[in-house]
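Coordinate-derived values only; no laboratory data. Remember, predicted model here, so these are calculated numbers, not experimental data. Counting neighbours? That spans all protein chains shown, and the Cβs are built from the backbone with ideal geometry, glycine included.
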Amino acid sequence: MGNFDNYFYLGKVIKPHGYQGRLSVFLDTDDPDAYLATPIIYIDFDGALVPYFVKNINLMNNKAVVTFKDIDTPEQAEKLLKRDMYLPLDELPVLTGNQFYFHEIIGMKIVDKHFGFIGEITEVLHYSKQAIIQTFHNEKEVLIPISDEIILEVDRENNSIQVELPDGLLAVYLDE
């Protein structure tokens with residue numbers, strides 16, 4: 001596997017769509033519309049990212065149909081099946097408000113509405129049903145679910161995230 005530290009995992013090529021080289025893809029994002037104007041998608045070929053120029057992206061339900069330049073037949077499209085897709089971090093659409101990319105919040109301060117400063121985000125852990133913020137308070141690990149109910153404000157200017165943790169969550173980690 002290559003080093004993709006400077007790339008964002010966009011999704012996966014799922015299957016052919018029709019007979020003209022179009023592909024159904026899964027976009028692993030909350031806002032697929034933000035990627036409709038993406039000019040190039042990088043596809044992972046055994047650890048090497050190969051750029052493919054996008055002709056068109058159409059959203060259909062919870063997936064997208066992508067047409068790449070120079071991919072005109074089912075045989076050409078088949079070579080891309082089941083492969084991961086990436087975008088360079090510096091080409092991602094800018095998110096505002098409480099939307100964020102996971103890589104963007106590493107190092108931000110977590111401040112609870114009632115408790116105050118908890119710690120700095122060290123990692124975002126990916127579980128099948130939930131993404132979790134990892135931080136440390138007085139050298140004790142604290143795990144915070146990423147959800148709209150918990151995250152009150154993402155303050156990019158002050159490099160912090162304001163949260164309101166459910167009653168008792170912090171005590172689970174900090175009680176001796």
task: Report, by chain and number, residues whose modeled amide H sits under 5 Å from the one on Phe45, excluding near sequence neighbours (fewer than 5 apart, same chain).
output: Val50
message: Projecting each Cα onto the charge dipole of the chain (Lys/Arg +1, Asp/Glu -1 at the beta carbon, about the Cα centre), which of Ile121, Ile133, Val13 comes out farthest on the positive side?
response: Val13
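Using a Förster distance of 25 Å, how high is the FRET efficiency between Gln134 and Glu91, based on the Cβ-Cβ distance and rounded to 0.05?
Values: r = 27 Å, r/R0 = 1.08.
Computed FRET efficiency for Gln134 and Glu91 comes out at 0.40.
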query: ³J(HN,Hα) across region 118-127 via Karplus (A = 6.51, B = -1.76, C = 1.60, θ = phi - 60°), whole Hz, x for Gly/Pro?
result: 9, x, 9, 5, 9, 6, 10, 8, 9, 10
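Taking square-rooted eigenvalues a ≥ b ≥ c of the alpha carbon gyration tensor, is region 102-174 rounded, prolate or oblate, where a/c under 1.5 means rounded and, failing that, a/b exceeding b/c means prolate?
On the way: a/c = 1.23, a/b = 1.05, b/c = 1.16.
It is rounded, given that a/c, with a ≥ b ≥ c, falls under 1.5.
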- prompt: Cross-link list Lys15/Lys129; Lys109/Lys129; Lys15/Lys63: which exceed 18 angstrom alpha carbon to alpha carbon?
  reply: Lys15/Lys129; Lys109/Lys129
query: Taking amide H positions as placed 1.01 Å from N in the peptide plane, with prolines and chain starts having none, which residues 5 or more places from Val163, or on another chain, fall under 5 Å of its amide H?
result: Val111, Asp112, Lys113, Leu152
- line: Quick shape check on region 1-92: root eigenvalues a ≥ b ≥ c of the Cα gyration tensor, a/c under 1.5 is rounded, otherwise prolate if a/b tops b/c, else oblate, and it reads oblate
query: Ranked highest first by the average count of other Cβ atoms within 10 Å around their residues, in what order do 4-13, 26-35 fall?
result: 4-13, 26-35
Long-range amide H partners of Gly119 with built H, under 5 Å: Ile110
task: Set Lys and Arg Cβ to +1 and Asp and Glu Cβ to -1, take the dipole of region 7-91 about its Cα centre, and tell me which of Ala48, Tyr86, Val66 lies farthest positive.
output: Val66
task: Treat each spin label as a single point 7 Å out from the Cα along the C-beta direction, and report the Ala37 to Phe4 distance in nm.
output: 2.5 nm
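Using just the helices of the chain, give the 222 nm mean residue ellipticity in deg cm²/dmol: DSSP H runs with n ≥ 4 each add -39,500 (n - 2.57), and the total is spread over all residues, rounded to 500.
Details: 3 runs with 15 residues, N = 176.
Helix-only estimate at 222 nm: -1500 deg cm²/dmol.
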